[in-house]
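K.L.:
Have a look at this one.
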Number of protein chains: 2
Amino acid sequence: MHKERRFVIDTSLFTNPNARKGFGDSTIEAVKNFLKIASKTSHLKFYMPVSIKKELKTFLNDEEIPFLEAIVTVKSPALYELQVPAAVVYKLIDEIRDRINKGLRVTEKILRSEKEDLSNKIHYLRQRYREALRDGVIDSKEDFDVLMLAKEVDAIVVTADKGLMKMAEWLGIAFFEAERFYELLSYEAKVDSTFLNQST
Amino acid sequence: MHKERRFVIDTSLFTNPNARKGFGDSTIEAVKNFLKIASKTSHLKFYMPVSIKKELKTFLNDEEIPFLEAIVTVKSPALYELQVPAAVVYKLIDEIRDRINKGLRVTEKILRSEKEDLSNKIHYLRQRYREALRDGVIDSKEDFDVLMLAKEVDAIVVTADKGLMKMAEWLGIAFFEAERFYELLSYEAKVDSTFLNQST
């Protein structure tokens, strides 16, 4: 039998088109297929923070996800017990400060630009502001929940979010790129079924 | 004799005109007077992170501060040993996210405004962007050093920075408002000299 392995699933596995492509074209299809394949594995355990389930539900127009809790343990991390090394918080505060400064620079540049009309300016502003302030850095409490849950239950984070990956590195938490997860899961489900067939 | 009490000194005690007013009109004058009064206390201990000393030196055109180390223990917090509760990091990430969203709203509003000329727009942008992103929230690694050093040596933070105070509250770290510190320190120095005179 294989050793037990644990995964914490981030929303991006189902919402990022590139990440979910093995599982399905839409978010709901991807969730359903993930649950189907996951149910065929016996040595893998899946976890999801409550906040990520809520986030996922907003992508599904608030529809309940059938059988989610049968396959996935939905629980919040024990935030009042877990600790984060001060050195990591220091890095995070420093990175956010850099990004805040960068955000002001891109904003000023757009404000000063004379070439573009207002609607183009607004468009560029939203895009570049997001790039400066949010891309590649942890930017939501849901992301942080994913990391802390992985730390708590000693699991591997499955995500397509670069900011989440970066902070997982800082914290020494394992992660697996969401776009390669379909392949891994399918392989594990096949190995399990081969094993079951051999033992009967 | 009084019980020993420890203080971590933030730059704002000397750079914020309102905070330093008892100590002096300029930063250098405030530092010198602080050191003079502090040297008269025997039961108070003073600390300053290395990064805060560097920050202070930039305000003094890189001049060395005479006798600083005689009165103040200058040391960095042990960031690789200290831990921060995950619940506090969660609150911080959530607050920064709110502020990033607010920053985009104020920026868009200024971009759309038709009343102001470009130089006014830039002026408002810098002011409101700062208010949205940085005021009232911990926004630099120097601030974080102050908090962690206070945690490490069990000291009271002396600061005029609202963001620092807020995170001190979250972390259960004592703080004292910089603008009332001249009064406290003068009182303690007087009590000490009275005690010394009585015992001779």
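K.L.:
Using alpha-carbon pairs under 8 Å, 6+ residues apart, how would you state the relative contact order of chain B in percent?
P.N.:
Relative contact order here is 31 percent.
K.L.:
Still on this structure, please answer the following. To the nearest 10 degrees, how steeply does helix A:118-133 sit against the main Cα axis of chain A, on a 0 to 90 scale?
P.N.:
Computed tilt is about 60 degrees.
K.L.:
Measuring nothing but label to label, 7 Å from Cα along Cα→Cβ, what are residue B:118's distances to the other copies in nm, shortest first?
P.N.:
The answer, with the shortest distance listed first, is 1.8 nm.
K.L.:
Ok, one more. When the helices in chain B are scored as -39500 (n - 2.57) per DSSP H run of 4 or longer and the sum is shared across all residues, what 222 nm value do you end up with, to the nearest 500 deg cm²/dmol?
P.N.:
That calculation yields -18500 deg cm²/dmol at 222 nm.
K.L.:
When each copy gets a label point 7 Å from Cα toward the beta-carbon at residue A:176, what are the spacings between them in nm, shortest first?
P.N.:
The answer, with the shortest distance listed first, is 5.5 nm.
K.L.:
Could the peptides B:86-95, A:177-186 be put in order, highest first, of the mean number of other beta-carbon atoms found within 10 Å of their residues?
P.N.:
B:86-95, A:177-186
K.L.:
If you plug each phi of segment A:13-19 into the Karplus form 6.51 cos²θ - 1.76 cosθ + 1.60 with θ = phi - 60°, what whole-Hz ³J(HN,Hα) values come out, in order, with x for Gly and Pro?
P.N.:
4, 9, 9, 7, x, 6, 6
K.L.:
Enter the mean number of other protein chain beta carbons within 10 Å of the beta carbon of each residue in B:112-123, as an integer.
P.N.:
1
K.L.:
Now for a separate question. What FRET efficiency, computed as 1/(1 + (r/R0)^6) with R0 = 51 Å and r the Cβ-Cβ distance, is obtained for residue A:43 and residue A:135, rounded to the nearest 0.05?
P.N.:
0.90
K.L.:
Can you name the residue in chain A whose Cβ lies closest to the A-to-B rotation axis, and give that gap in whole Å?
P.N.:
Residue and rounded Å distance to the axis: A:83, 2.
K.L.:
A further question follows. Could you tell me how many degrees, from 0 to 90 and to the nearest 10, lie between the Cα long axis of helix B:162-171 and the main elongation axis, the longest principal axis, of the Cα atoms of chain B?
P.N.:
Value to nearest ten degrees: 70.
K.L.:
Mind giving me the FRET efficiency for residue A:91 and residue B:59? R0 is 25 Å, r the Cβ-Cβ distance, nearest 0.05 is fine.
P.N.:
Working from the Cβ atoms, E equals 0.45.
K.L.:
Shifting gears a bit: Sorted by average packing, counted as other Cβ atoms within 10 angstrom per residue and highest first, what order do A:100-109, B:145-154, B:114-123, A:133-142 take?
P.N.:
Taking the mean over residues of other Cβ atoms within 10 Å, the ranking is B:145-154, A:133-142, A:100-109, B:114-123.
K.L.:
Angle, helix A:50-59 long axis vs. longest principal axis of chain A, Cα atoms, 0 to 90°, nearest 10?
P.N.:
70 degrees
K.L.:
Hey, for residue B:81 with labels 7 Å out along Cα-Cβ, what do the inter-copy distances come to in nm, ordered shortest first?
P.N.:
Label-point distances to the other copies, shortest first: 2.6 nm.
K.L.:
Ok, one more. Treating only the Cβ of Lys, Arg, Asp and Glu as charged (+1, +1, -1, -1), what charge dipole size does segment B:8-158 show about its Cα centre? Round to the nearest 20 debye.
P.N.:
Roughly 340 debye, rounded to the nearest 20.
K.L.:
Moving on to the next point. For peptide A:147-156, what's the mean number of Cβ atoms from other chains within 10 Å of each residue's Cβ?
P.N.:
That works out to 1 on average.
K.L.:
Determine the shielding of peptide B:87-99 by partner chains: average, over its residues, the number of Cβ atoms on other chains within 10 angstrom of each Cβ.
P.N.:
6
Computed from the coordinates by the stated procedures, all read-outs in this text should not be read as laboratory data. Note that the structure is a prediction, hence the values are computed from the model and not measured. Note that we place each Cβ from the backbone using ideal geometry, even for glycine, and neighbour counts take in every protein chain shown.
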